[in-house]
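Working notes for the structure below.
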Amino acid sequence: MNSQLLKTLSFSCFFLQHVSAHFAKITDVEASLGRGYSKTTGIQYPVCQTLWLGSFPSPTLTYDYYWTSLSSTTGTNDDLSSTKISSSLAYNWLRQEISGDKAYDEANNAFTQQLIFTLSFEQIGVTNDEAGTTLKDEAKAVLQRGNLMSFFSACGPGYIRSVKKSAELAVIFSWPTLDEQNISGFFGSLMTDIESAVQDNAETDIAEDGLSGDYGALLVDKYSIENWLTIRMTVIGIAPSGYSTGDMTALTIRGVLSISKHVFEYMSDDAAGTTTGVEVVPWTENPDFRKEMIDLNLNLSPIAEYYMMANAEFICGLDEVARKWADTFEKIMKCKRGLAVEFTSNQNVLLSNQLDYYIDPSGAYTCAATSTAFNDGTEIKDNDLKFIHVQRLKDFLSNTFTTNYIASYQLWVTHYYTPCVNKLNDINLSSMWSSAPECLDTKCLQYDSIPNAAQAFSCTQSNAPTGRYLQLINSYCPISLTNMKCTSS
């Protein structure tokens with residue numbers, strides 16, 4: 001599939017943000033076309049529509065490049081936050097690399113000049129054509145029963161119509177000088193060589209002609225740079241296969257040009273890049289969904305659509321809170337079962353901390369006195385959140401906290417969740433969730449809130465003991481033993 005390649009100018013950042021205003025930022029997850037999606041929770045739902053595989057138009061590929069020059073007489077060149085590069089995919093890598101560089105080398109009386117080249121790509125328009133899609137039979141069956149909130153709980157309040165993917169090449173060039181000035185001519189020659197290669201790659205029809213990678217003589221060839229130029233680079237959203245041979249294995253200027261060529265070749269595939277945004281549209285824009293609404297004699301006026309989508313987002317957020325309650329309850333039960341099994345023979349064994357607190361294997365750890373009290377949370381010491389042994393965690397989870405938490409969970413379901421969901425099913429398109437007393441107390445939308453037993457539909461915020469115990473559970477449950485033991489004091 002060919003991609004249309006456009007060069008973005010220096011104002012491209014503003015332009016792209018304006019064009020893709022309906023794209024929700026997304027990281028650390030691979031989005032799929034057609035899947036349900038909630039902007040409130042950022043959760044993807046199952047695909048509730050049958051996609052027409054022949055309906056995907058070619059995406060538009062845009063690219064941009066820019067330079068960042070750093071130099072300082074003292075300290076380290078680690079302040080990138082005020083530059084354009086602070087919004088780049090490689091920002092964290094660049095900060096880590098730059099922060100370790102000395103701007104001034106006193107021993108050699110030399111300054112370090114640093115020039116960063118960033119080549120970024122955005123692939124916009126990997127889009128599903130709704131004209132060729134239909135709702136799946138299971139989704140239609142839920143709608144035909146008139147249960148809109150159940151449909152949104154299963155399919156999400158909207159779905160992913162387009163995916164935006166990004167990729168980036170970032171290169172740090174470093175060289176020493178005897179003053180804060182750049183070596184005469186080198187700075188400009190380097191920029192000219194790289195920009196010329198990038199523009200040649202961009203203007204070539206990759207599908208028909210390919211990229212030659214023959215760059216001929218370079219302007220920087222007249223400088224003897226082998227012994228003093230340092231190059232570091234990283235790629236994000238680019239498959240490593242394909243740039244592990246030839247010039248690309250060498251940290252040289254020709255190696256940089258070869259990798260930039262590979263990036264253009266790779267990004268011409270619509271499957272390339274890492275997902276950085278999704279266009280999420282409400283189901284009310286889906287032709288098949290609207291047809292089902294007509295069959296149900298539901299008039300989707302503008303205000304009715306607004307109420308429907310507001311309620312859909314709300315119920316998806318409510319379902320996420322319910323899942324967190326259930327997940328924590330399951331963690332506690334698994335933890336208690338695991339501790340009961342290990343207690344007999346491994347009372348003093350330290351447990352792995354799930355929150356990645358490092359337990360030094362050469363350290364000495366004293367078994368803290370066990371406690372079954374449930375007071376104000378202060379019975380859990382700061383060290384308990386770093387390391388704990390089997391017996392102490394077992395005693396903590398054997399006190400009344402566990403009983404109280406389970407009772408709060410049951411009360412939340414009966415006093416808030418169930419009445420609220422039932423009310424949402426009743427009002428459907430006639431009003432918004434905030435008009436329903438059963439849903440109004442948003443403190444109940446925190447999974448560590450405490451339901452009010454004396455007053456339905458209301459909650460109080462989490463207290464210190466609850467927060468402390470939940471932190472303990474998230475640190476060690478489900479349990480995993482280390483090979484270390486604590487010693488009795």
Worksheet entry | Which numbered condition Cys335 fails, given (1) more than 30 Å from the chain's Cα centre (by Cα); (2) in a helix (DSSP H, G or I) | (1)
Worksheet item: How many residues does the stretch 320-349 hold that are within 14 Å of Asp395 (Cβ to Cβ), open to solvent by 60 Å² or more (accessible area, probe 1.4 Å) and either at pLDDT 95 or above or touching a Phe, Trp or Tyr at 6+ places or on another chain (Cβ under 9 Å) (or both)?
Response: 0
Response to the item:
Over the stretch 407-442, the set of residues of a type in the set (A, V, I, L, M), open to solvent by 40 Å² or more (accessible area, probe 1.4 Å) and under 32 Å from the mean Cα position of the chain (by Cα) is Val413, Met432, Leu440
Discussion item. Residues to consider are Ile160, Ile225, Ile231, Ile194; find the one that is within 34 Å of the chain's Cα centre (by Cα), within 30 Å of Asp101 (Cβ to Cβ) and either modelled with pLDDT under 80 or assigned to a strand (DSSP E or B) (or both).
Written reply: Ile231
Fill in: Lone qualifier among Asp376, Asp395 - being acidic (Asp, Glu) and open to solvent by 30 Å² or more (accessible area, probe 1.4 Å)
Asp376
Worksheet item: So which of Ser362, Ser352 ends up being modelled with pLDDT of 85 or more and over 14 Å from Asp395 (Cβ atoms)?
Response: Ser352
Practice prompt. Being free of Cβ contacts under 8 Å to residues at least 24 places away in the same chain, more than 22 Å from Leu148 (Cβ to Cβ) and open to solvent by 70 Å² or more (accessible area, probe 1.4 Å) narrows it down to one of Thr366, Thr403, so name that one.
Written response: Thr403
Response to the item:
Scanning the stretch 36-94 for residues that are over 24 Å from Phe121 (Cα atoms), in contact with a helix residue (DSSP H, G or I) (Cβ under 6 Å, 6 or more places away or on another chain) and modelled with pLDDT of 75 or more gives Gly36, Ser38, Thr40, Thr41, Tyr45, Cys48
Worksheet item: Yes or no: Met293 open to solvent by less than 50 Å² (accessible area, probe 1.4 Å) and either of a type in the set (Lys, Arg) or in contact with a Pro (Cβ under 6 Å, 6 or more places away or on another chain) (or both)?
Response: no
Worksheet item: How many of the residues in the stretch 114-132 are crowded, with 19+ Cβ neighbours inside 10 Å and not in a strand (DSSP E or B)?
Response: 2
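The values are calculated or read from the model by the stated rules, or taken from the named source; none is laboratory data. Note that the structure is predicted; figures quoted are calculated from it, not measured. Glycine gets a Cβ as well: all are built from the backbone with ideal geometry, and neighbour counts include every protein chain shown. Side chains included, ligands, DNA and RNA excluded: accessible areas come from the protein's heavy atoms. Shrake-Rupley method; radii C 1.70, N 1.55, O 1.52, S 1.80 Å.
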